[in-house]
Structures are given as structure tokens and as C-alpha cells.
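Notes for the one structure printed next.
The values are calculated or read from the model by the stated rules, or taken from the named source; none is laboratory data. Please read these numbers as outputs of a predicted model, since none were measured by experiment. Positions of Cβ are backbone-derived with ideal geometry, glycine not excepted, and every protein chain shown enters the neighbour counts.
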Amino acid sequence: MVIRCSWATSAPDYLAYHDEEWGRPLRGDDHVFERMTLESFQSGLSWLLILRKRENFRRAFEGFALEKVAAFGEPDVERLLLDAGIVRNRKKIETAIANAQVALEIPGGLSDLVWKYADPDAPAPKTMADIPATTPASIALAKELKRHGLRFVGPTTMYALMQAIGVVNDHIEGCVAR
């Protein structure tokens, strides 16, 4: 019998995401920016919705290339607000653009800043109930990102980012993807 984190079996899209991406180390400023932006767009919504719209987001945000998104202006905001393939929330769209501009100015880069909060010695959660919504590291990361000027980067959203890109490995003990 194959053991997986329980959320992974609730939808086929989740299964592939769980087995192939979630918790796998992902580095690089553009990649981390993409995941951070998607986590921010997910706030208040279902991750499954975001996952299903991810290719549309990638197209709309030019592959989440920091320099391209940072150069977006009001015409781009208006274009994105008309794009039914993404979540059309003005505040989140404007935040993504502002965050790209800020991320370009972070000394050492966004990826290195996020990855400095990794704890490779953290024990594997035994059950899903052992996985917190926030941690001291996600709280510290959120505060540091906010000090730099990033928005929509609260501790819960940042913990989701940390899980998604492998900064923490929250696959349960025995999970096939651990």
C-alpha cells in the first residue's frame, strides 16, 4: 500500500502536484516569486482553483520573470483584470507587480532570503494534525519580507510557500513523496 499525505488523494490534480512538486526543493528568484505569488492569490480561495489556473497565470504574468512583471503598468493591470483564466482581483494583481519590483532589490535575491529559513533537521510529521499553519520560521520570514516592502506575505501564506518549495518537508512520515 502506498502512503500519501491525505490531501493528495482528494483530487487528481492534487495527486500529481503532491507526488511531483510539493515539498521538492525549488530555488531561483523567478521560481520562488511564482510560488509566492500563487500562494498570495490563493489566500481566501481553494489551492485547487489556483493549481488549475496555474498555466493561465504563467502566461498572463510572462512566466513570472521578475524583471518582466516589475515592468508591468496600468495597461497590464487592466489586461489582467479582463483575463478570465486567472483570479481577477485588482489588489492581488497590483501586489504581484509591486512585489516583483521589491524582490529585484533584495540583497542576495528572493530565493536565498526564503531558503535561509530552511531546517533540514525538522522531524517528519506523523499525521496531518502534526502540521502547523505557521511556525516561528514562517513568522520571521513574513516579518523580514514585510520589512523589505513585500505585501500579502503573512505567516500562514509564507508557511504554505515554505512547504510548497521544500524549505520544510511536511510530507507525513512514510509518505511516498517524502
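Being touching a residue at least 24 places away in the same chain (Cβ under 8 Å) and of a type in the set (K, R) is the filter; apply it to the range 44-67 and report the residue that is farthest from L80 (Cα to Cα). Step by step, filter the range 44-67, then rank; the result is R52. Criterion first (more than 18 Å from L161 (Cα to Cα), aromatic (F, W, Y) and either assigned to a loop (DSSP other than H, G, I, E, B) or in contact (Cβ under 8 Å) with a residue 60 or more places away in the chain (or both)) does F33 satisfy it? It is false that F33 is more than 18 Å from L161 (Cα to Cα), aromatic (F, W, Y) and either assigned to a loop (DSSP other than H, G, I, E, B) or in contact (Cβ under 8 Å) with a residue 60 or more places away in the chain (or both). Considering each residue of the range 147-168 in turn, at least one proves to be in contact with a Phe, Trp or Tyr (Cβ under 8 Å, 6 or more places away or on another chain) and of a type outside the set (A, V, I, L, M, F, W, C).
Using the structure shown, decide if I165 is touching a Cys at 6+ places or on another chain (Cβ under 7 Å) and among the hydrophobic types (A, V, I, L, M, F, W, C).
On the way: touching a Cys at 6+ places or on another chain (Cβ under 7 Å): no; among the hydrophobic types (A, V, I, L, M, F, W, C): yes.
So I165 fails the test.
Taking the conditions exactly as written (part of a helix (DSSP H, G or I), under 29 Å from A140 (Cβ atoms) and small (G, A, S)), does A8 satisfy them or not? So A8 passes the test. All conditions in (1) out of contact with any helix residue (DSSP H, G or I) (no Cβ under 6 Å at 6 or more places or on another chain); (2) closer than 21 Å to W22 by Cβ; (3) not hydrophobic (A, V, I, L, M, F, W, C) hold for K146, with the sole exception of (2).
So that you can scan it fast, the table gives a plain yes or no per residue for (1) of a type outside the set (A, V, I, L, M, F, W, C); (2) within 24 Å of H18 (Cα to Cα):
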| residue | (1), (2) |
| --- | --- |
| S46 | yes, yes |
| R90 | yes, no |
| A98 | no, no |
| K116 | yes, yes |
| P123 | yes, yes |
| I131 | no, yes |
| T135 | yes, yes |
| S138 | yes, yes |
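Conditions tested, residue by residue: (1) over 20 Å from W47 (Cα atoms); (2) touching a residue at least 60 places away in the same chain (Cβ under 8 Å).
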| site | (1), (2) |
| --- | --- |
| A84 | no, no |
| I106 | yes, no |
| V114 | yes, yes |
| A160 | no, yes |
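Restricting attention to the range 107-145, the residues that are modelled with pLDDT under 95 and either small (G, A, S) or surrounded by 14 or more Cβ atoms within 10 Å (Cβ to Cβ) (or both) add up to 2.
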